[in-house]
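K.L.:
Pasting a structure here, questions to come.
Laboratory data are not the source of any read-out in this text; all were calculated from the coordinates shown. Small disclaimer: the values here were computed from a predicted structure and weren't measured.
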Amino acid sequence: MIGWNPKHMNKSLDKIYCYVDESGQHTQGEFYSVAVVVADTIDIRNRVEQRLIKIEEKTNKGLCKWKSTHYTIKERYLRSVMAIPELERCLFYSIHTNTRDYVTATVETIAQVIHHHVEKTCKAIVVIDGLDKTSRQRISRCLKEKGVVYKKVSGIRDEGSAWIRLADAIAGFSWDVYKNKPYTQKLSSEMQQKGYLINF
């Protein structure tokens, strides 16, 4: 587990917002990454969303999916994200290999993030990119089995939320790290050292 320091992670919160996206289904089980981006309060969610939208505009990333974004824009975007203090210790991803059980991998990652991010049980609002009804029902059931207390599990398209687009960026970045893309080598280390990226 890289970049993990539990002394600095646990928080006493009543409700958190978790935005989830994935990368790697195209590898047919070789690689699957789940990214979870956490907003600790509704005020942080609203304020940071406006900053994320401005960053998308300023860096020319716009609403583009990560895989369609040039690496220079990717780096500018992530470095701008590191300038948002509310996101420190709130960007997570985990990598799963040799599996096509994507729902289980997603649930395990969400549960791990929530259990380690807060000191006590809190209600989570979980928003997952492109989640269909069948998967939502299974994920909801599995989260409950893992002791996650949630208020709502829902799906959304990334074009509708700057938070989901950030989760898409973190998931996509993990794939770029896995493929050892040149722009990731220094950036990944910096993000982890500064506490902006937690790899389970």
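K.L.:
In whole Å, what three semi-axes, largest first, describe the equivalent ellipsoid of the range 107-200 built from its Cα gyration tensor (square root of 5 times each eigenvalue)?
P.N.:
They are 26, 17, 11 Å, listed largest first.
K.L.:
Using a Cα-Cα cut-off of under 18 Å, which lysines could be cross-linked to LYS67, ignoring same-chain neighbours fewer than 8 residues away?
P.N.:
Straight-distance partners of LYS67: LYS179, LYS181.
K.L.:
Mind checking which helices in the chain clear 20 Å along their axis (Cα) and have mean Kyte-Doolittle hydropathy of 0.0 or more, DSSP H runs only?
P.N.:
102-117, 162-178
K.L.:
Turning to a different aspect of this structure: Based on alpha-carbon centroids, what's the gap between the range 156-191 and the range 80-146 in Å, whole number please?
P.N.:
Using only Cα atoms to place each centre, the spacing works out to 16 Å.
K.L.:
Taking square-rooted eigenvalues a ≥ b ≥ c of the alpha carbon gyration tensor, is the chain rounded, prolate or oblate, where a/c under 1.5 means rounded and, failing that, a/b exceeding b/c means prolate?
P.N.:
rounded
K.L.:
Per residue of the chain, what 222 nm ellipticity follows from adding -39500 (n - 2.57) for every DSSP H run with n ≥ 4, rounded to the nearest 500?
P.N.:
Computed ellipticity for the chain at 222 nm equals -13500 deg cm²/dmol.
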